[in-house]
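Novice: I have a structure here, written as structure tokens, and I will follow up with some questions on it.
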Amino acid sequence: MTDSLSIRDNRTGRDYELEISDGTIRAADLKQITANEDDPGLATYDPGFVNTASCRSAITYIDGDAGVLEYRGYPIEQLAEQSSFLEVAYLLLHGELPNQAELDSWMHEVTFHTFLHENLKQFIEGFRYDAHPMGMLMASVSALSTFYPDAANIADPNVRQDQITRLIAKMPTLGAFVYRHQQGKPYVYPDNRLSYSANFLAMLFKMSEPTYQPDPRLVKALEVLLILHADHEQNCSTNAVRSVGSSQVDPYSAIAAGVGALYGPLHGGANEAVLRMLRRIGSPDNIPDFITGVKEGKEKLMGFGHRVYKNYDPRATIIKKACDDVFDVTGVNPLLKIAQELEKIALEDEYFVKRKLYPNVDFYSGLIYEALEFPPEMFTVLFAIGRTPGWLAQWSELVQDKDQKIARPKQIYTGARTREFVPIYRR
Ligand code: SDX
């Protein structure tokens, strides 16, 4: 038996042999299968790329059935427990954990690139007070490309590294600035004496106190959340980053596309939607009626289900544990009881069991974010800050992948064909 597929085209009786490698066939190999001389050859039709590999990647491994997630081969459970967000960012970008000198240098680089060009404040001032932070973040990341025109030279590894450092360093500052704009509060500039997550909390919440002192348990919880969100192979927003990046545009424009994709309620916007759903349910007594509405297709159980995980999302398990640590400091979020009861009922209900719908990363994260006093519209900004190293690692891998070409899928044309133009007086 060879690693190949024997295909008989019953339209012509012709036989073909296609190579199988890494569990796939090359779609281009189907083009040779034609029904007649005018036939351009077979292609595949796969809306949402449910069963299509777009790239080879060495960054993140997921086994959806087993509930396994590894960054560069390291299990997410170990990284969440023992690593830091910047160390994980280094791992995703370079493929190996840094030694002490490499980590110190990386942390210094990031710490000293957290400031934004002052013009960006005026840019953010242009938004309404109630503008959604994700809309402001997407626009601001895109605007960064105009401050660093040299970023267009993506063939230069040093130029790429400079932009990677800038983006990872500046995302928390951008996130904090759009939050402070929305709150009508003065901007808080980065404090280079603080760690990445502590500095982010200070830029968000510092008021008149000379130095903001976040509770170290909350800083640790935020670190864990950022680590858990850092990468997730070819999810919707990473696909957007790769697709836009395939045109060889600068990384700010590609990452802005990722922020836009993440904004959607089926993707990163789900954490905000979960909290609004829990608030709407309001009490465990209302859960049966809500579940009935979901089963009747009136709405989705947000925070449940996943394209890849057909088992518990390992990140949800870790976040559920992190809830306890945060609630020790902040007090238990009253919505936790509704979330736990909802999960219990859903995991026993045939509708969800049959469809293999389990809690995903977004189901419990919002409870922690709310306990950390973030408003729901900021939850996906936190997701974006966490995902930035992953997006950049994937973008960097794309730029260096000789197999890659500009993304330009085919279509099945269903519209009208060649018609004569009709002057308006005859329509
Ligand atoms: C993230 O891809 C990633 O890795 C994403 C992510 C990452 O780290 O980047 O993990 C982050 O985006 C997590 C997902 C957050 N989204 C949500 O929680 C929104 C709710 N979930 C869904 O919309 C849905 O589960 C998706 C979008 C996550 C996955 O959708 P798929 O794989 O396209 O599956 P589908 O929509 O075809 O659903 C299959 C069936 C359908 O029922 P039938 O048509 O077969 O009867 O399951 C049903 C769906 O209606 N279904 C749900 C449901 N999710 C799927 N029914 C009720 N509630 C849900 N949440």
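Novice: Quick one: in the stretch 170-186, of everything that is under 21 Å from residue 109 (Cβ atoms) and without any contact (Cβ under 8 Å) to a residue 60 or more places away in the chain, which residue is surrounded by the fewest Cβ atoms within 10 Å (Cβ to Cβ)?
Specialist: Here the residue is 173.
Novice: For the subset of the stretch 56-75 comprising residues that are part of a strand (DSSP E or B) and β-branched (Val, Ile, Thr), which member is farthest from residue 387 (Cα to Cα)?
Specialist: 68
Novice: Related question: Considering only the stretch 349-424, give the helices (runs of 4 or more DSSP H) lying wholly within it that have at least 1 residues that are in contact (Cβ under 8 Å) with a residue 40 or more places away in the chain and over 26 Å from residue 168 (Cβ atoms). Show your work before the answer.
Specialist: Numbers: elements: 350-354, 361-371, 379-400.
Counting at least 1 such residues, we get 350-354, 361-371.
Novice: Also: I'd like to know if the stretch 284-300 contains one or more residues that are in contact with a helix residue (DSSP H, G or I) (Cβ under 6 Å, 6 or more places away or on another chain), buried (at least 21 other Cβ atoms within 10 Å of the Cβ) and in the same structural domain as residue 216 (by TED's automatic domain parsing).
Specialist: Looking through the stretch 284-300, none of the residues is in contact with a helix residue (DSSP H, G or I) (Cβ under 6 Å, 6 or more places away or on another chain), buried (at least 21 other Cβ atoms within 10 Å of the Cβ) and in the same structural domain as residue 216 (by TED's automatic domain parsing).
Novice: Continuing with this model, one more query. Under the condition of being part of a strand (DSSP E or B) and of a type in the set (Gly, Ala, Ser), which residue from the stretch 2-27 is nearest to the chain's Cα centre (by Cα)? Give the steps one after another, and end with the answer.
Specialist: Step one: filter the stretch 2-27 for residues part of a strand (DSSP E or B), giving 4-9, 14-19, 21, 24.
Filter again for of a type in the set (Gly, Ala, Ser), leaving 4, 6, 21.
Numbers: 4: 35, 6: 38, 21: 28 Å.
Filtering first and then ranking leaves 21.
Novice: For residue 284, indicate whether it is away from the ligand (no atom under 12 Å from the Cβ) and at pLDDT below 95.
Specialist: Yes; evaluated as a whole, the condition is true for this residue.
Novice: Let me ask another. Return the pair list, or none, for Cβ contacts closer than 8 Å from residues in the stretch 229-246 that are part of a helix (DSSP H, G or I) to residues that are crowded, with 24+ Cβ neighbours inside 10 Å and among the polar types (S, T, N, Q), at least 6 apart or on different chains.
Specialist: 238/394; 241/394; 242/394
Novice: Does residue 72 satisfy the condition of being under 30 Å from residue 395 (Cα atoms) and exposed (fewer than 14 other Cβ atoms within 10 Å of the Cβ)?
Specialist: no
Novice: Do you know which of the residues in the stretch 289-306 that are among the aliphatic types (A, V, I, L, M) and over 17 Å from residue 268 (Cα atoms) is nearest to the ligand (Cβ to nearest atom)? Show your work before the answer.
Specialist: We begin by selecting, within the stretch 289-306, every residue among the aliphatic types (A, V, I, L, M); these are 291, 294, 301-302.
From what's left, over 17 Å from residue 268 (Cα atoms): 291, 294.
Numbers: 291: 10, 294: 5 Å.
Looking at residues that are among the aliphatic types (A, V, I, L, M) and over 17 Å from residue 268 (Cα atoms), I get 294.
Novice: Select from the stretch 260-308 the residues that are in contact with a strand residue (DSSP E or B) (Cβ under 8 Å, 6 or more places away or on another chain) and touching a residue at least 60 places away in the same chain (Cβ under 8 Å) and write down the one among them that is farthest from residue 376 (Cα to Cα). Write out each step before concluding.
Specialist: Within the stretch 260-308, the first condition is being in contact with a strand residue (DSSP E or B) (Cβ under 8 Å, 6 or more places away or on another chain), and the residues that meet it are 303-304, 308.
When the remaining residues are screened for being touching a residue at least 60 places away in the same chain (Cβ under 8 Å), the result is 303, 308.
Values: 303: 14, 308: 26 Å.
For the stretch 260-308, the residue satisfying everything is 308.
Novice: Could I ask something else about it? State yes or no: is residue 165 farther than 19 Å from residue 378 by Cα, part of a helix (DSSP H, G or I) and of a type in the set (Ser, Thr, Tyr)?
Specialist: Working: farther than 19 Å from residue 378 by Cα: yes; part of a helix (DSSP H, G or I): yes; of a type in the set (Ser, Thr, Tyr): yes.
The answer is yes for residue 165.
Novice: Output the number of the condition that residue 332 fails; it satisfies all remaining conditions of (1) assigned to a helix (DSSP H, G or I); (2) more than 13 Å from the ligand (Cβ to nearest atom); (3) hydrophobic (A, V, I, L, M, F, W, C); (4) without any contact (Cβ under 8 Å) to a residue 24 or more places away in the chain.
Specialist: Only one criterion in (1) assigned to a helix (DSSP H, G or I); (2) more than 13 Å from the ligand (Cβ to nearest atom); (3) hydrophobic (A, V, I, L, M, F, W, C); (4) without any contact (Cβ under 8 Å) to a residue 24 or more places away in the chain is unmet by residue 332, namely (1).
Novice: With 257, 270, 316 as the choices, which residue is under 16 Å from the mean Cα position of the chain (by Cα), within 16 Å of the ligand (Cβ to nearest atom), at pLDDT 95 or above and buried (at least 20 other Cβ atoms within 10 Å of the Cβ)?
Specialist: Sole residue among the options that is under 16 Å from the mean Cα position of the chain (by Cα), within 16 Å of the ligand (Cβ to nearest atom), at pLDDT 95 or above and buried (at least 20 other Cβ atoms within 10 Å of the Cβ): 257.
The values are calculated or read from the model by the stated rules, or taken from the named source; none is laboratory data. Bear in mind that the values here come from a model prediction, so they are computed numbers and not experimental data. Cβ sites come from the backbone with ideal geometry, for glycine too, and all protein chains shown count toward neighbours.
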